[in-house]
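See structure below.
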Amino acid sequence: MSITRLLTSLLFVIAMAFTPLAAAQQEDPGVALLNDLATASPREVEAAIKAIANSGDERARSWLEAFGSNRLSIIKDSGKIVVVLNNRGRDWTIADALTSENLGEISRRKLDRININNAMRRQLEGTLAMLDLYADNPDLQAQAGKDLLGKVDEALVEPLTEFLAQDRPRAVTNRVEQALAIYRVEQLGDIEAVDVLAGSLHSRARAALNSAVTSDDPALAGKARIALESVEQKLKLNRAAETLYFGLSLGSVLVLAAIGLAITFGVMGVINMAHGELIMLGAYTTWGMQQLLPGQPGLALILSIPAGFLVAALAGVAIERSVIQFLKGRPLETLLATFGISLILQQLVRTVISPLNRTVITPEWMSGSLIINDALSLTLNRLYVLAFALLVFAALMLIMRKTRLGLEVRAVTQNRAMARSMGIRATRVDVMTFALGSGVAGLAGVALSQLTNVGPNLGQNYIIDSFMVVVFGGVGNLWGTLVAGLTLGTLNQLLEPWAGAVLAKIVVLVFIILFIQKRPRGLFPQKGRAAEG
Amino acid sequence: MWLTRPFYERSTQLFLGILFAALLVVTVLHVALPEGHPLHVTSYTVTLFGKYLCYALLAVAVDLVWGYLGILSLGHGAFFALGGYAMGMYLMRQIGDRGTYGDPILPDFMVFLNWQELPWYWLGFDMAWFAFIMVLLAPGLLALVFGFLAFRSRVTGVYLSIITQALTFALMLAFFRNEMGFGGNNGLTDFKDILGFNLRTDATRLGLFLATGVALAIGYVVCRAIVTSKLGRVSVACRDAEARTRFLGYRVERVQLFVFVVSAMLAGVAGALYVPQVGIINPSEFSPIFSIEIVVWVALGGRATLYGAVIGAILVNYAKTVFTGVMPDAWLFALGALFVLVTVFLPQGIAGLLKSRHTAKEAAA
């Protein structure tokens, strides 16, 4: 025996003696369970699997999974049971099945695989699903219930029925009932079970009903047909809800983009063609914030809300002071000058930052979707933007109706000379209002950065839509803008399935053009003296 | 006769004199001088000048509605492009079986999209007279329908500007679609000849340039005739006080409609002359930014003068050629600044400057 070998074994012995884990290993019930599984004859395997599943050991799941994927092996020399982590090549990486400790590589010749056949694997799948159903984690339970759909076989019927007898969360038992019903309809032709499937929107349940419709049993086929019809009906409803959701989402984007314009154009009567670029500035502020705070996209996004407002508002003030104030009462010239500003801002972004699109990260709490049922799920980012749009709208409404600024704005727009003679500083009001409208455009940009690409052309894509929304809703009417935005968004989404995205947009544009011919002052025209601007 | 009245005006005589002198000089320098001579005008430059003249005609059309009717159209690019497409369709049919796929009837892009036969709206475009009528008719009809609806319901001012912009935007989206049968994104291109003349020869190019010059002269005279007629005076009255004109008993919407349609047709002619010279027409001509650019040419030159529009169009486009050649990034900055500076500091445009110097001289004398 060489010196090194002696030393290694000595060290091993010492390690064994001093590690508390090693002491625990002696009493680990897992050893017995796994040994039973390893040495079981094909007939005894079922019992061994059950024993492991019923042991309540938290490692049971990983053992059974390893067993199911052929990764449970015994080291021939020591009889130790290990999990193979990587079975590529000659030497396999293994880990201790009991402690999950990585044991490094070992020649595959030294391993004895614990074999599994297909019958066992099927049983194992069911057992695993049962294991998850009984797990403490509700997510795991729900997922297991969903996975069971279409996978139930004879062996699982009994444990599942038993599971149903217990008091479990409704969401999980529903799933299990559906899974059992699919089995009963498909395998046994059970008519009663069709009723359960009629309540499910899952595609697997629909498949079971579809196959039942063609069955030889006329009673079953008839009942399945009725059930299928009701399912289709419900699906249609869900699809309609989804379209409505997308429509409202698109509408909320339009409202956000247009609401600032409703202030500057609608209330003040200033045509700001650079409005789209103010939106773009807001979006770029979000991007800039995320560059400043790497790794914290959520915090950066929240900070972008005030920052985007400020940046756009300041840009708005600069535009108002440098150009618009000199063009008072000349709307067509204002239109041209602000269009020039929009060109400059676009090119500025192209030159300074990049002509390419920038990626804005969506924080984790905004990604994913809210699952209503099997056929309907709402993407979270759109939901947030919808809520944000309504919030901004409410805030603006409050400012215009309840604050001194709002009062002064309305006074100045209705009768400038009179307002000034009452002591209102009209110029200051102009600046403040324009800053408010521009800041809201910045907020729209922050929200849009979560939905679309952030690039130099971002604003250009929204300017015509925004004007359409404001004009359609009725100039000078914030409620009109809200209704118009949501209506146009929904209309667009309704048209899209049969007309395609581009044609839908064209149809909406033509619709607005015709609508304005019919009602030149929009949906909700201003009445009284203010209308005779 | 009302159409000959402009010839007795000094400004028109001056304008036509300068225009024809310029046409003559370019022709002589192009034909008489050998290549390599420092004053020789290359065929490329002739086509470039031809393009400027198309833009000038377009600017005159815009000035007619903006300067004399008070309607700021942000959709004149649409009329220009429609005229261009009408011409482009004719030129496409002239290619015949010389296209890449060699189909005697279908243009290349239709073969590519697996179309079996020519859509009905392409019929007749193999005949030059039909195509040339359509150059006037297509934009004219659009202007008639759009204007009829808009003026009847008294949509004016900024609202009209915005819906004309929406109109050209909607048309742009429509023409981008392959299903429309106008070549989609790529538009119509690869033209071979016009009226039997090869488009690639210098003589044809010079001919097109001269034809554009003549078209500009005719367009200018027609516009001048309109604005000096009684109708023109009523239209100026509409511009300055629409309600008062209506109360005086004039049918304001008819005047507006007439002038608007004439202007759209002129824009269509400009587009039709533009297409064979640049060799392509695609949906980007419909883009709102192009339409709004036209307006700034007119604003720079000076509204309500017609000749100002010509000066503005040529100046801005010359600057664009120079800028995009030397430093392409700076062009949009320059254009943007131009928009701002002209509207804030030069509301009367260059023509206004000329006029004020003229009146100052008269006052001094």
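Quick note: the coordinates plus some simple rules give every number you see, no bench work behind them. Since this is a predicted model, take the numbers as computed values, not measurements. Backbone-built Cβ (ideal geometry, glycine too); neighbour counts: all protein chains shown.
Descriptive notes on the structure:
- Here is what passes the span test in chain A: the DSSP H helices with alpha carbon length of 30 Å or more along the helix axis and a Kyte-Doolittle mean of 1.0 or above are A:297-322, A:331-352, A:380-402, A:426-448.
- Average Cα contact separation per residue, region A:97-255, under 8 Å, 6 or more apart, as relative contact order %: 14
- In nm, spacing of pseudo-spin labels at B:Ala21 and B:Phe345 (7 Å Cα→C-beta vector): 3.0
- Percentage, to the nearest whole number, of Cα pairs in region A:15-116 over 24 Å apart: 21
- Base-10 log of normalised Debye intensity for the protein assembly as shown (one unit scatterer per alpha-carbon) at q = 0.05, 0.08, 0.11 Å⁻¹: -0.47, -0.88, -1.28
- Ordering of B:154-167, A:32-45 by packing [mean C-beta count within 10 Å, highest first]: B:154-167, A:32-45
- Exposure proxy order (Cβ contacts within 10 Å, fewest to most) of A:Met280, B:Met110, A:Met422: A:Met422, B:Met110, A:Met280
- Among A:499-506, B:232-239, sorting by the average number of other beta carbon atoms lying within 10 angstrom of each residue, highest first, gives B:232-239, A:499-506.
- Counting, for every residue in A:513-526, the Cβ atoms of other protein chains within 10 Å of its Cβ and taking the mean gives 3.
- Positive-end residue, the protein assembly as shown charge dipole about Cα centroid, Cβ charges, pick of B:Tyr85, A:Pro331, A:Ile463: A:Pro331
- P(r) tail for region B:5-364: Cα pairs beyond 35 Å make up 25% of the total.
- Label-point separation in nm, B:Lys320 to B:Leu113, each point 7 Å along Cα→Cβ: 2.7
- Contact order for chain A, expressed relative to its length and based on alpha carbon pairs under 8 Å spaced 6+ residues apart, stands at 15 percent.
- Contour minus Cα-Cα distance for A:Lys50 and A:Arg168 (0.36 nm per residue): 40.3 nm
- Helices assigned as whole DSSP H runs in chain B whose Cα atoms extend at least 30 Å along their own long axis and whose mean Kyte-Doolittle hydropathy is 1.6 or higher are found at B:10-31, B:128-152.
- In the elastic network of chain B, a GNM with C-alpha springs shorter than 10 Å, the most mobile of B:Asp329, B:Asp97, B:Asp63 is B:Asp329.
- Mean partner shielding of peptide B:153-163, defined as the number of other chain Cβ atoms within 10 Å of each residue Cβ, is 6.
- Peptides A:387-397, A:486-496, A:164-174, ordered by how many other C-beta atoms sit within 10 Å of their residues on average, highest first, read A:486-496, A:387-397, A:164-174.
- Counting beta carbons within 10 Å around each of B:Met327, A:Met366 and listing the fewest first gives the order B:Met327, A:Met366.
- A:Arg420-A:Leu398 FRET efficiency (beta carbon distance; Förster radius 22 Å; 0.05 resolution): 0.30
- Just checking the listed ones, B:Asn178, B:Asn114, B:Asn198: in the Gaussian network model of chain B with Cα springs under 10 Å, the one fluctuating most is B:Asn114.
- The charge dipole of region A:15-116, taken about its Cα centre with unit charges on the Cβ atoms of Lys, Arg (+1), Asp and Glu (-1) only, comes to about 520 debye.
- Among residues other than A:Ser215 with Cβ under 14 Å from its Cβ, the summed charge is -1 (Lys and Arg +1, Asp and Glu -1).
- Here r is the Cβ-Cβ distance between A:Val31 and A:Leu299 and R0 is 41 Å; the resulting FRET efficiency, rounded to 0.05, is 0.25.
- Among the residues of B:212-223, the average count of other protein chain beta-carbon atoms within 10 Å of the residue beta-carbon is 0.
- Relative contact order for region A:255-365, counting Cα pairs under 8 Å that sit 6 or more residues apart, in percent: 36
- Calculated Rg and Dmax of chain A using C-alpha coordinates, Å: 33.8, 110
- Fewest neighbouring Cβ atoms within 10 Å first, the residues B:Trp331, A:Trp63, B:Trp129 line up as B:Trp129, B:Trp331, A:Trp63.
- Applying 1/(1 + (r/R0)^6) with r as the Cβ-Cβ distance of B:Asn198 and B:Phe7 and R0 = 45 angstrom yields a FRET efficiency of 0.80.
- Of A:Lys328/B:Lys320; A:Lys76/A:Lys151; A:Lys234/A:Lys505, those spanning more than 32 Å from alpha-carbon to alpha-carbon: A:Lys76/A:Lys151
- Look at the dipole of the protein assembly as shown built from charges on Cβ: of B:Leu24, A:Thr362, A:Gln517, the Cα furthest out on the positive end belongs to B:Leu24.
- In nm, spacing of pseudo-spin labels at A:Arg350 and A:Glu101 (7 Å Cα→C-beta vector): 6.5
- The mean of 1/r over all distinct Cα pairs in region A:404-533, once inverted, gives the Kirkwood hydrodynamic radius of 16.9 Å.
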